[in-house]
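Derivation of every value follows stated rules applied to the coordinates shown; laboratory data play no part. Fair warning: this is a prediction, and the values are worked out from it, not measured in the lab. Don't worry about glycine lacking a Cβ; one is built from the backbone with ideal geometry, like all the others, and counts go over all protein chains shown.
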Amino acid sequence: MIVNVKVTQETIDTGEPCNSFGCPIVIAVRNALGTAGRIEVTDTTIIVMADGINQFFITPWTVTEFVHAFDAGEPVEPFEFKIEVNE
């Protein structure tokens, strides 16, 4: 199943720079998947740990660019990306 992840202005405003567990991408993935599990975002991987199952997604380049800009305090805009989730 393909899931569309929306990084909104609200997730940007709520996210924390330099926090791989609290950045806007984490919030957006949590909203898209509807999970309260632990989510971590790195340059290469998005990891979702919920219900005893770990799922790994390759971090899209647009996400990596966004995270670097956000962490550096540069202006960022809302955007969307997709991840493929095993059902």
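Worth pointing out:
- Between the helical axis of 61-71 and the longest alpha-carbon principal axis of the chain there is an angle of about 50 degrees.
- Per DSSP, loop chymotrypsin sites (Phe, Trp or Tyr not before Pro) in the range 20-69 with at most 11 further Cβ within 10 Å: Phe21
- Residue with peak Gaussian network fluctuation, the chain [Cα springs, cutoff 10 Å], from Pro75, Pro24, Pro60: Pro75
- Neighbour net charge for Ser20 - beta-carbon separation under 10 angstrom, K R +1, D E -1: -4
- Within a Gaussian network of the chain (alpha carbon springs, distance under 10 Å), most fluctuating of Asn31, Asn19, Asn54: Asn54
- Listed values [x] 36, 23, 21; [y] 45, 28, 17; [z] 36, 33, 20, entry calculated as Cα extents along the principal axes in Å: [x]
- Over the chain: helical MRE at 222 nm, DSSP H runs n ≥ 4 each giving -39500 (n - 2.57), nearest 500: -9000 deg cm²/dmol
- Angle between the chain longest axis and helix 24-33 axis [Cα atoms, degrees, rounded to 10]: 30
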